[in-house]
1. Check A:R86, A:R136, A:R121 and return the single one that is of a type in the set (D, E, K, R), within 13 Å of chain B (Cβ to nearest Cβ) and out of contact with any helix residue (DSSP H, G or I) (no Cβ under 7 Å at 6 or more places or on another chain).
2. Show me the helices (runs of 4 or more DSSP H) found entirely inside region B:41-151 where at least 1 residues are buried (at least 20 other Cβ atoms within 10 Å of the Cβ) and away from DNA strand C (no atom under 16 Å from the Cβ).
3. Kindly evaluate A:V91 against the criterion of being farther than 30 Å from A:A36 by Cβ and in contact with a Leu (Cβ under 9 Å, 6 or more places away or on another chain).
4. Report, by residue number, each residue of region A:188-209 that is touching a Ser or Thr at 6+ places or on another chain (Cβ under 9 Å) and either under 16 Å from B:M131 (Cβ atoms) or open to solvent by 20 Å² or more (accessible area, probe 1.4 Å) (or both).
5. Being part of a helix (DSSP H, G or I) and in contact (Cβ under 8 Å) with a residue 24 or more places away in the chain is the filter; apply it to region A:161-171 and report the residue that is nearest to the other protein chains (Cβ to nearest Cβ).
6. Taking region A:187-205, which residues are facing chain B (nearest Cβ under 7 Å) and either among the aromatic types (F, W, Y) or in a helix (DSSP H, G or I) (or both)?
Number of protein chains: 2
Amino acid sequence: MSQTRHTGPALAAPSDADNRGVIAADGTPMARIERAALVLFAASGIDAVTTRAIATRAGVAEGSIYRHFPSKEALARALFDAIHGRLYELVEDAITGAGNDFEAAVAQVVAVYCEAADRDRTLFEYHLTHMFRFGRIGSPGRPDPTALIVKRINQAMTEGDCPRGDAELKAAAALGVVLQPAAHRMAGRFSFGLSQQTDSLARASLAALRAA
Amino acid sequence: MSQTRHTGPALAAPSDADNRGVIAADGTPMARIERAALVLFAASGIDAVTTRAIATRAGVAEGSIYRHFPSKEALARALFDAIHGRLYELVEDAITGAGNDFEAAVAQVVAVYCEAADRDRTLFEYHLTHMFRFGRIGSPGRPDPTALIVKRINQAMTEGDCPRGDAELKAAAALGVVLQPAAHRMAGRFSFGLSQQTDSLARASLAALRAA
DNA sequence: AGCGAATGAGTGAACGCTCACTAATTCGCT
DNA sequence: AGCGAATTAGTGAGCGTTCACTCATTCGCT
């Protein structure tokens with residue numbers, strides 16, 4: 001085939017201790033393209049960022065972008081899928097790790113989001129601001145952290161750990177308790193690390209779940 | 001002056017009984033431009049929508065857009081300010097109307113958001129998806145519903161209606177309980193009216209405020 | 001006839017993307 | 001180990017297209 005091979009985003013392995021986030025931090029052109037695109041996309045939105053600007057910031061030629069990604073849109077999607085997929089794994093681990101303890105599960109999931117928001121703020125903000133573009137439901141097989149949470153809430157309802165109700169609505173409300181503060185921080189409403197508020201937000205999230 | 005006069009968005013008066021939302025529903029070219037732009041902006045994002053597409057949908061010539069708005073960006077901002085300003089008024093009324101009853105104030109504010117989300121879904125979704133573009137803090141004098149909520153929470157804390165804590169964080173968490181379900185509905189996760197869930201969400205929002 | 005509102009072809013700038021080419025690396029064979 | 005062939009990564013000028021916006025003209029109302 002004459003088609004260029006696209007190897008996908010240089011995802012950091014979970015074991016990559018020295019890594020600041022989901023995107024590989026080595027100095028390869030691909031990693032630099034990803035990081036440059038991420039920063040610009042998060043700041044101005046995908047459509048407002050030119051491939052020229054990405055290339056300049058990454059210190060590569062414009063054409064090099066297309067050695068690794070078939071299009072600007074595909075680059076944007078790869079970045080989104082990277083953080084989305086990583087959150088899926090983290091939420092999965094958090095829920096599994098808490099066993100049958102529902103309160104612990106909620107606390108762990110909240111902690112996952114707080115830590116992700118702090119660890120790589122740019123990446124998380126990109127995720128927040130582009131959920132509407134990429135996060136629509138309907139792609140089966142695509143990892144979906146929310147689906148995991150909904151499932152756990154359903155389990156909690158049958159086991160009596162949580163009052164009955166619409167699990168999707170409860171999940172949304174509980175998630176909102178964490179994501180909206182992240183959005184507010186992004187808007188400049190406060191500046192402390194979300195991780196400092198993990199306990200408080202975990203309590204609030206659980207309270208919302210039980211009240212909704 | 002040789003400058004075209006721009007009269008601003010045709011906001012519906014609150015007394016306009018037959019009006020479906022914030023944007024005037026009469027058949028003037030300006031109203032049709034606003035509605036067309038709103039629908040397209042909400043569906044695809046501002047940058048992805050062309051002035052040609054707006055004009056076509058509104059049934060006017062492309063040049064007519066510029067008789068009413070100095071630029072596409074200004075049109076987009078006017079639409080955002082319209083819904084943002086309207087929410088400010090509604091939240092103000094809700095809080096004032098509840099007097100010293102904090103629980104009632106929370107319930108009323110939640111009801112305001114739920115009703116706004118249902119009354120003109122397109123407008124509310126445009127608001128949700130473009131908060132990141134227009135909603136950054138730092139423009140004093142600009143109406144800001146969240147600031148109202150923060151103020152009311154501070155009052156509740158001094159009056160003992162709400163445990164002490166960071167009011168900005170509490171406000172964000174409480175708002176998240178409502179806005180995230182709106183976002184999830186937008187993403188296709190469920191389809192019922194948010195107004196049906198006002199009571200449930202009001203309870204959850206209050207619980208989050210008290211637990212955070 | 002007069003005049004503001006509306007028009008839509010036209011404009012220059014800027015966009016995403018291509019492609020012919022070079023440089024560097026890996027491969028296969030002896 | 002040595003060496004030419006093959007493959008891949010990187011380049012940047014340039015392409016065709018599309019965009020937001022303009023303005024000379026037309027429309028429609030009094």
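The values are calculated or read from the model by the stated rules, or taken from the named source; none is laboratory data. Given the structure is predicted, the values throughout are model-derived calculations rather than measurements. Heads up, the Cβs are rebuilt from the backbone with ideal geometry, glycines too, and the neighbour counts pull from every protein chain shown. Each accessible area value is taken on the protein alone, full model and side chains, heavy atoms only, with ligands, DNA and RNA left out. Shrake-Rupley method; radii C 1.70, N 1.55, O 1.52, S 1.80 Å.
1. Values: A:R86 fails: within 13 Å of chain B (Cβ to nearest Cβ); A:R121 fails: within 13 Å of chain B (Cβ to nearest Cβ).
After ruling out the rest, the residue left standing is A:R136.
2. On the way: elements: B:51-58, B:62-68, B:72-97, B:102-119, B:121-134.
Ranges flagged: B:72-97, B:102-119, B:121-134.
3. Numbers: farther than 30 Å from A:A36 by Cβ: no; in contact with a Leu (Cβ under 9 Å, 6 or more places away or on another chain): yes.
In short, no.
4. Residues of region A:188-209 touching a Ser or Thr at 6+ places or on another chain (Cβ under 9 Å): A:189, A:208.
Correct list: A:R189 only.
5. Let us first name the residues in region A:161-171 that are part of a helix (DSSP H, G or I), namely A:167-171.
Narrowing further to those that are in contact (Cβ under 8 Å) with a residue 24 or more places away in the chain: A:169-171.
On the way: A:L169: 6, A:K170: 8, A:A171: 8 Å.
Ranking the candidates gives A:L169 first.
6. Filtering region A:187-205 down to residues facing chain B (nearest Cβ under 7 Å) leaves A:187-190, A:197, A:200-201, A:203-204.
Within region A:187-205, A:F190, A:Q197, A:S200, A:L201, A:R203, A:A204 qualify.
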